[in-house]
Amino acid sequence: MICIPIAAARTAEAIEKMGRARVFADIIELRIDRIPNVDLRRLIAARRTPVIVTNRSSHEGGGFAGTEGERVALLAEAVRLGADYVDIEAATDPGLKATLISTIACAGGTTRLIVSWHDFSGTPPAEFLNAKLEECMADKPAIAKIVTRAGTTADCLRLLELIPEALRRGQEIAAFCMGEKGKISRIMAPLLGSSISYASLDPGEASAPGQLTIHELLEIKRIMEKGARDE
């Protein structure tokens, strides 16, 4: 799935961006931690494409300024409003995660859970990464998301090894590296089976370092598909 993250100064602006993004995206990520005074009901009602609602904590690169309870409460509200996915960090307090998971069950289970872990400082050793995969899988998510910052190409290769391992165990996964050195992993990840490729709607609007624009991603995809046809 190609996912375009949406952040904006106002709810109305976010809705306008959603309208432009739906032309290119399979799914849209609503970064409500980067939409001040967000009108969540209005935002979800305006969707014409499936949405992931993310309220990222400051510990993992997000912009939410309230308490952890308030942060997760907004995700629970997104579930009750019919969001297609909600994304919560693996490091979230277990009680708060349990409340969110219970809310999903009570709402009929139509919202799917993404459990994520991010490292903006680097890419840890393989043993540590595998432990983080285990941690994400413990909450039985629809998708486990593991993202690190690459300092070298070898970091990308080490992180990408999680994809076949997760799929072997029946777990959908989104995994890639951030940063300039991580760009190659964003191209390789979907070829290995990563569930979600993130791309910004416009230049300068990346939600993470090294994120390609949607036009760059689609052009790379076009070139690769042409190369495969020409073989």
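The values are calculated or read from the model by the stated rules, or taken from the named source; none is laboratory data. Note that this is a predicted model, so its numbers are computed, not measured. Ideal geometry is used to build each Cβ from the backbone, glycine not excepted, and the neighbour counts take in all protein chains shown. The protein model used for the area step is the full one, side chains on, heavy atoms only, and it has no ligands, DNA or RNA in it. Shrake-Rupley method; radii C 1.70, N 1.55, O 1.52, S 1.80 Å.
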Next item on the list: Could you list all residues from the stretch 31-48 that are touching a helix residue (DSSP H, G or I) at 6+ places or on another chain (Cβ under 8 Å), in a loop (DSSP other than H, G, I, E, B) and either open to solvent by 20 Å² or more (accessible area, probe 1.4 Å) or not hydrophobic (A, V, I, L, M, F, W, C) (or both)?
Entry: N37, V38, D39, A46, R47, R48
Notebook entry, point to check: Restricting attention to the stretch 113-135, which residues are under 19 Å from M178 (Cα atoms) and either among the basic types (K, R) or assigned to a helix (DSSP H, G or I) (or both)?
Noted result: A126, F128, L129, N130, K132, L133
Margin query: I'm trying to understand the selection: among the residues of the stretch 191-219, which are closer than 14 Å to F24 by Cα and either open to solvent by 50 Å² or more (accessible area, probe 1.4 Å) or modelled with pLDDT under 90 (or both)?
Written below: D202, H215, E216, L218, E219
Note to self: If I filter the stretch 1-30 down to residues being open to solvent by 50 Å² or more (accessible area, probe 1.4 Å) and assigned to a loop (DSSP other than H, G, I, E, B), which single residue comes out as nearest to R41 (Cα to Cα)?
What the structure shows: R10
Checklist line | When residues of the stretch 109-142 are limited to those that are within 16 Å of T92 (Cβ to Cβ), of a type in the set (A, V, I, L, M) and open to solvent by less than 20 Å² (accessible area, probe 1.4 Å), the one farthest from the chain's Cα centre (by Cα) | finding: L113
Next item on the list: Could you figure out which of (1) assigned to a loop (DSSP other than H, G, I, E, B); (2) closer than 22 Å to A208 by Cα isn't true of D139?
Entry: (2)
Note to self: Given the criterion under 14 Å from V115 (Cβ atoms), open to solvent by 60 Å² or more (accessible area, probe 1.4 Å) and not acidic (D, E), identify the matching residue among I88, I101.
What the structure shows: I101
Margin query: Go through (1) on the phi < 0 side of the Ramachandran plot; (2) open to solvent by 50 Å² or more (accessible area, probe 1.4 Å) for C177 and report which single condition fails.
Written below: (2)
Check: If you go through the stretch 57-79 one residue at a time, how many are in contact with a helix residue (DSSP H, G or I) (Cβ under 7 Å, 6 or more places away or on another chain) and assigned to a helix (DSSP H, G or I)?
Finding: 9
Next item on the list: Tell me which of these T92 doesn't satisfy, since it passes every other one: (1) within 24 Å of E134 (Cα to Cα); (2) within 15 Å of the chain's Cα centre (by Cα).
Entry: (2)
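Yes or no, residue by residue, for (1) over 17 Å from S121 (Cα atoms); (2) under 16 Å from the mean Cα position of the chain (by Cα):
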| site | (1), (2) |
| --- | --- |
| D155 | no, no |
| E161 | yes, no |
| A166 | yes, no |
| S195 | yes, yes |
| G204 | yes, no |
Margin query: So for the stretch 161-170 (the condition being open to solvent by 10 Å² or more (accessible area, probe 1.4 Å), at negative phi and without any contact (Cβ under 8 Å) to a residue 12 or more places away in the chain), does at least one residue qualify?
Written below: yes
Notebook entry, point to check: Does I146 count as open to solvent by less than 10 Å² (accessible area, probe 1.4 Å), in contact (Cβ under 8 Å) with a residue 24 or more places away in the chain, touching a helix residue (DSSP H, G or I) at 6+ places or on another chain (Cβ under 8 Å) and at negative phi?
Noted result: yes
